[in-house]
1. Give, in nm to one decimal, the length gained when the segment between Asp139 and Gln84 is fully stretched (0.36 nm per residue of separation minus the Cα-Cα distance).
2. Using only Cα atoms, find the angle between the long axis of helix 103-115 and the longest principal axis of the chain, and express it within 0 to 90 degrees, rounded to the nearest 10.
3. For Asp16, what residues show an amide H to amide H distance below 5 Å, using hydrogens built from the backbone and excluding near sequence neighbours?
4. Could you list Arg151, Arg49 so that the one with the fewest beta carbons within 10 Å of its beta carbon is first and the one with the most is last?
5. Based solely on its DSSP helices, what 222 nm [θ] is calculated for the chain when runs of n ≥ 4 H residues each add -39,500 (n - 2.57) and the sum is averaged over all residues, nearest 500 deg cm²/dmol?
6. Label Ala111 and Met1 with points 7 Å out from Cα along Cα→Cβ: what is the distance between them in nm?
7. Going by average Cβ density within 10 Å per residue, which order do the peptides 133-141, 26-34 take, highest to lowest?
8. Along each of its three principal axes, how wide is the spread of alpha-carbon positions in the chain, in whole angstrom units, largest first?
Amino acid sequence: MHLHLRAAAESDIRDDHDWLAAFMGAAWDVIEVEHAAGVADAIEKDYGRLDELYRTETGTETGTGTGTEPAASDAELPVFGGRQPAGAPTDRYPDPPLILLEPAGVARAAAFLATVSFDALWARLGGRIVSSMGPDWDDATVREMYETHHRSLRGFYERAAAAGHAVIKAGWF
């Protein structure tokens, strides 16, 4: 399971599910090259918990709240923020599920990641993340793994925002 993120100029992409699925499929085939070029990132398995970690900053942590859908906060943008592209299937779970985050959202995500304290986030939720991973995982290893994800996303969004790019996200299962 991977969350694949790819930055691109908004003028170079189509707001069309099938087109974006093909684009992301081709991008996945060259993920190492695109990652080295700074236009792609991927998070293996841990992206749901990373989203939860970010949401602790604003109190919109998954599974909490009043039951109504809150407005998207900047903390929600880096991992699952955005919208489904036009033509996304409504009668089945799309393969891959796609999210499109426009340049304004990319800039907000970059600003959030640049200012949020990873240490403060980890102090709030790190223990729960470590305990959910099982007895073979120690705090230092898990913390380093999530801090690496955070640094990688921060750099990716910083570059994408500086270029005025949109970000397409695909969940590969």
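Read-outs throughout are calculated quantities, based only on the coordinates presented, and are distinct from any laboratory measurement. In this text the structure is predicted, and so the values were computed from the model without any measurement. No Cβ is skipped: glycine too gets one built from the backbone with ideal geometry, and neighbour counts run over all protein chains shown.
1. Details: separation 55, 0.36 × 55 = 19.80 nm, distance 3.53 nm.
Result: 16.3 nm gained on full extension.
2. 20
3. Ala86
4. On the way: Arg151 12, Arg49 20.
Sorted ascending by nearby Cβ count, the order is Arg151, Arg49.
5. Numbers: 7 runs with 85 residues, N = 173.
One gets -15500 deg cm²/dmol as the mean residue ellipticity at 222 nm.
6. Roughly 3.2 nm, to one decimal.
7. Numbers: 133-141: 10.1, 26-34: 13.8.
Highest to lowest by the protection proxy: 26-34, 133-141.
8. Largest to smallest, the principal-axis extents are 42, 39, 30 Å.
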